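Every number in this text was worked out from the coordinates using simple rules, so none of it is lab data. The structure presented is a predicted model; accordingly, all values stated were derived computationally and were not measured. In this analysis, Cβ positions are derived from the backbone assuming ideal geometry, glycine residues included, and neighbour counts consider all displayed protein chains.
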Amino acid sequence: MVELEDGIRQVTFALPLGIDHVHCYFLPSHEGDWTLVDTGLGLPDAAQQWAAVLAGLDAPVGRVVVTHFHPDHVGASADVAALTGAPVHQGTDDYEQCLRTWGELRIESRMPEYLREHGTPEVEVETFREEAAAFVKLVRFERDPVLHSPGDELDGWELLQLPGHADGHLALLRDGILVAGDTLLGTITPNVGLYPDSRPDPLADYLDSLERIAALEPRVALPGHGEVIRDPAGRARELIEHHAQRLEQTTAALDGEPRTAYDISLTLFPDPLSPALRRFALAETRAHLEYLVGRGGASRVDGAGLVEYGPA
């Protein structure tokens with residue numbers, strides 16, 4: 001555990017994913033206890049790892065906040081709730097997405113259908129089925145959390161809804177400190193992908209979120225991965241420029257007959273990728289393509305079971 005400014009503590013867990021770690025944060029509370037932000041992946045030994053961490057605290061955890069439903073942030077929330085007895089707080093929109101992805105509203109066929117209609121080879125669709133079955137077991141989210149709307153406050157922290165990386169992504173802001181989750185990362189660009197049942201234009205959402213961060217000018221941002229960000233507004237502007245360049249690259253890739261988003265992703269992300277990372281590339285490619293379609297910069301052709309994109 002690392003102590004940061006203003007008495008905040010950071011605990012880091014290893015991840016067996018494309019990214020190798022995730023940060024969770026203990027925020028000192030006005031009540032004399034701790035607010036925990038995010039809970040890591042629900043690995044088989046997550047409860048034991050958390051028990052060891054909690055034993056080192058000098059006060060109890062009074063509440064747990066989940067920034068977003070991705071497995072490395074929500075996966076052990078039920079474990080932590082059971083260990084601490086603390087209520088879990090989550091955004092209303094995010095909890096609905098959590099139920100659709102990991103819970104009783106999950107439709108197993110939806111993601112394979114999505115992958116096929118955007119050109120994913122069948123062998124990679126089957127790989128997804130296997131990986132998804134394994135991942136569901138690593139997400140033990142808390143049912144019936146305390147639900148929040150944008151602008152709510154929790155122990156003096158303003159809850160900001162900053163969609164893009166996830167539709168209902170929450171961040172916490174107080175005294176110039178932004179607990180950013182995956183909205184802002186220092187050395188990599190957060191994945192902004194268009195998935196089944198998500199908001200229709202996640203890139204536009206994300207650019208709005210970045211503009212909001214730049215306008216708020218927090219003095220420091222605590223990200224879900226990587227180093228503390230000392231110039232959050234500057235980093236937000238860098239990410240806006242990154243996506244402007246990616247939109248130019250996407251437009252340039254539309255230079256002939258309509259193609260599937262999977263095929264276009266091979267142009268935009270030409271390096272060999274694992275099936276899991278290629279799915280991220282496909283979803284991000286779709287986000288940029290749909291942004292262009294919505295502004296007259298590209299065309300979408302909906303065929304029989306296949307969606308393709310071409311020049312405007």
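Say whether the condition of being under 15 Å from the mean Cα position of the chain (by Cα), free of Cβ contacts under 8 Å to residues at least 60 places away in the same chain and surrounded by 22 or more Cβ atoms within 10 Å (Cβ to Cβ) is met by at least one residue in region 22-33.
So the first thing to find is which residues in region 22-33 are under 15 Å from the mean Cα position of the chain (by Cα), and the list is 22-24.
Those left that are additionally free of Cβ contacts under 8 Å to residues at least 60 places away in the same chain: 24.
Now drop any that are not surrounded by 22 or more Cβ atoms within 10 Å (Cβ to Cβ), which leaves 24.
Yes, that holds for at least one residue.
If I filter region 34-61 down to residues being assigned to a strand (DSSP E or B) and in contact (Cβ under 8 Å) with a residue 40 or more places away in the chain, which single residue comes out as surrounded by the fewest Cβ atoms within 10 Å (Cβ to Cβ)?
At the first step, the residues of region 34-61 found to be assigned to a strand (DSSP E or B) are 34-37, 61.
Next, only the ones that are in contact (Cβ under 8 Å) with a residue 40 or more places away in the chain stay: 35-37.
Values: T35: 25, L36: 27, V37: 28.
My answer is T35.
Can you tell me which residue in region 149-180 is nearest to the chain's Cα centre (by Cα), limited to those that are closer than 25 Å to G32 by Cβ and of a type in the set (G, A, S)?
Among residues in region 149-180 that are closer than 25 Å to G32 by Cβ and of a type in the set (G, A, S), the one nearest to the chain's Cα centre (by Cα) is A171.
Identify all residues within region 169-217 that are β-branched (V, I, T) and closer than 17 Å to G234 by Cβ; write none if there are none.
First, pick out the residues of region 169-217 that are β-branched (V, I, T): 177, 179, 183, 187-189, 192, 213.
Scanning region 169-217 gives I177, T183, T187, I188, T189, I213.
Under the condition of being in a strand (DSSP E or B) and among the β-branched types (V, I, T), which residue from region 1-21 is nearest to the chain's Cα centre (by Cα)?
Residues of region 1-21 that are in a strand (DSSP E or B), as a first pass: 2-3, 9-14, 21.
Going one step further and asking which of them are among the β-branched types (V, I, T), we end up with 2, 11-12.
Details: V2: 23, V11: 19, T12: 17 Å.
Result: T12.
Hey, does region 106-115 have a residue that's outside any loop (DSSP other than H, G, I, E, B), free of Cβ contacts under 8 Å to residues at least 60 places away in the same chain, crowded, with 21+ Cβ neighbours inside 10 Å and not hydrophobic (A, V, I, L, M, F, W, C)?
No, every residue in region 106-115 fails to be outside any loop (DSSP other than H, G, I, E, B), free of Cβ contacts under 8 Å to residues at least 60 places away in the same chain, crowded, with 21+ Cβ neighbours inside 10 Å and not hydrophobic (A, V, I, L, M, F, W, C).
What number of residues in region 251-306 are in a loop (DSSP other than H, G, I, E, B) and among the aliphatic types (A, V, I, L, M)? Show your work before the answer.
Taking region 251-306 first, the residues in a loop (DSSP other than H, G, I, E, B) are 254-258, 260, 269-274, 295-297, 303-306.
Retained after the next criterion (residues that are among the aliphatic types (A, V, I, L, M)): 254, 273, 304, 306.
Of the residues in region 251-306, 4 are in a loop (DSSP other than H, G, I, E, B) and among the aliphatic types (A, V, I, L, M).
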